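Novice: What follows is a structure written as structure tokens; I'll ask about it next.
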Amino acid sequence: MSSDNPQFHLHTYFRSSCSGRLRIALNLKSLSYTCSYTNLLKDEQTSASHLSLNPSGTVPVLTPLNTDNGWPITQSVAALEYLEEAFPDRRPLLPSRDDVMARAQVRTLVNIIACDTQPVTNRHIMLAVGKLGKNGPEWSREYMTRGLKAYEETAKKTAGKFSVGGEITMADVVLVPAVWGAERFGVDLEKLPTVKRIYETMSREEAVVKAHWRRQEDTPEEFRENLDGGVAGDP
Ligand SMILES: N[C@@H](CCC(=O)N[C@@H](CS)C(=O)NCC(=O)O)C(=O)O
């Protein structure tokens, strides 16, 4: 990274959990970014222009702007790892290199959400299971519950204030937007006390408040919440 003032561009969607991961990480590391908005409900992720940027037809896409040799990063976990490697001293999101077991634990928790849970609850999967006669939202609730139970059982072995000890890591960054989705789909968090506690602690972080799906420029008016906590339309 050649610049002292690194800038990023993020292709995002307000309710995309994978985009939420990057908003939180960028905020935690105090990195500035501009956004373009890809409306998944309008299938803009499958437009020719988006596919030329990201052949996977998904968001987010993170583009480092003022680097010597940057290009768009089209996988959110690769982008998280990139941010960590490029800016290890800005609010580190992995335990120290001396603690390789703790690093493995963080990556295990990240993968429980990013590899085992989000892909099977993605919007196009819900639509596909709907065509097979299943109830898409019930499907998502079931698989989110399963994934978060695995997270709970795994995290409770290492959790302190956060999922792995007392500092925020990538695991917590990935967990928070997964819980946003789980809440929407009616997953019972009372049965997941470690997840619930960490989620509530994380939700008080300024970086998370700013990254919340209800507070993005592309959040539709009916879902919008301002930074003081009021929901649009509330008295
Ligand atoms: N493995 C990818 C997954 C990206 C992904 O699936 N993003 C969702 C939003 S969270 C999406 O764009 N879905 C579009 C769709 O389902 O059609 C990543 O981590 O970046």
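The values are calculated or read from the model by the stated rules, or taken from the named source; none is laboratory data. The structure presented is a predicted model; accordingly, all values stated were derived computationally and were not measured. Neighbour counts run over all protein chains shown; Cβ positions are idealised from the backbone, glycine included. These area figures cover heavy atoms from the full protein model, side chains too; ligands, DNA and RNA do not enter into them. Shrake-Rupley method; radii C 1.70, N 1.55, O 1.52, S 1.80 Å.
Novice: Would you mind checking which residues have amide H under 5 Å from G165's amide H? H placed 1.01 Å from N; only 5 or more apart, or other chain.
Specialist: A159, G160
Novice: Of R214, R204, R23, which is the most mobile in a GNM of the chain whose springs link Cα atoms less than 10 angstrom apart?
Specialist: Result for the chain, Cα springs under 10 Å: R204 fluctuates most.
Novice: Considering amide H positions built from the backbone, and no H for Pro or chain starts, which residues 5 or more places from E225, or on another chain, come under 5 Å of its amide H?
Specialist: R215, A232
Novice: May I ask which residue of Q216, I24, T108 lies farthest towards the positive end of the charge dipole of the chain, with charges of +1 (Lys, Arg) and -1 (Asp, Glu) on Cβ and the Cα centre as origin?
Specialist: Value computed over the given set: T108.
Novice: Roughly to the nearest percent, how much of the accessible area of the chain is carbon and sulfur, given a 1.4 Å probe?
Specialist: 50
Novice: Could you run the Karplus curve 6.51 cos²θ - 1.76 cosθ + 1.60 with θ = phi - 60° over region 61-78 and give me ³J(HN,Hα) per residue in whole Hz, x for Gly and Pro?
Specialist: So the J values, rounded to whole Hz, are 10, 10, 10, x, 8, 9, 10, 6, 9, x, 8, x, 9, 9, 10, 5, 6, 4.
Novice: Could you calculate the contour length gain from I125 to Q7, that is, 0.36 nm times the residue separation minus the distance between their Cα atoms, to one decimal place in nm?
Specialist: Length gained between I125 and Q7: 39.1 nm.
Novice: How large is the accessible surface per residue of region 91-162, computed with a 1.4 Å probe and reported in Å² as a whole number?
Specialist: Details: 4200 Å² over 72 residues.
For region 91-162, the solvent-accessible area averages 58 Å² per residue.
Novice: Residues with amide H under 5 Å of S36's amide H, sequence separation 5 or more or different chain, H placed in the peptide plane at 1.01 Å from N; which?
Specialist: The list, which skips near neighbours in sequence, is L10, H11, T12.
Novice: Which of the three applies to region 100-204, rounded, prolate or oblate, going by the alpha-carbon gyration tensor with a ≥ b ≥ c and a/c under 1.5 meaning rounded?
Specialist: In terms of gyration-tensor shape, prolate.
Novice: Sticking with this one: Pairs of Cα atoms under 8 Å, at least six residues apart: use those to get the relative contact order of the chain, whole percent.
Specialist: Worked out over the chain, it gives 21 percent.
Novice: Given the convex hull of the Cα atoms of region 1-152, what is a quarter of its surface area in nm²?
Specialist: With the hull built on Cα positions only, its mean projection is 10.1 nm².
Novice: Taking 0.36 nm per residue of sequence separation and subtracting the Cα-Cα distance, how much length would be gained by fully extending the chain between S49 and S36, in nm to one decimal? Kindly include the intermediate steps, with their values, before the conclusion.
Specialist: Details: separation 13, 0.36 × 13 = 4.68 nm, distance 1.27 nm.
Gain on extension, S49 to S36, equals 3.4 nm.
Novice: Each residue of region 14-28 in order: what ³J(HN,Hα) in whole Hz does its phi give by Karplus 6.51 cos²θ - 1.76 cosθ + 1.60, θ = phi - 60°, with x for Gly and Pro?
Specialist: 4, 9, 7, 5, 5, 5, x, 4, 6, 4, 5, 5, 4, 5, 4
Novice: Using the alpha-carbon centroid of each, what span in Å lies between region 155-202 and region 1-77?
Specialist: Region 155-202 and region 1-77 have Cα centres separated by 24 Å.
Novice: Calculate, for region 8-86, the solvent-accessible area per residue in square angstrom, rolling a 1.4 angstrom probe over the heavy atoms of the protein chains.
Specialist: Per residue, region 8-86 has an accessible area of 41 Å².
Novice: Then there is this: What spacing in nm lies between the two simple spin-label points modelled at K161 and K191, each 7 Å away from Cα in the Cβ direction?
Specialist: 3.1
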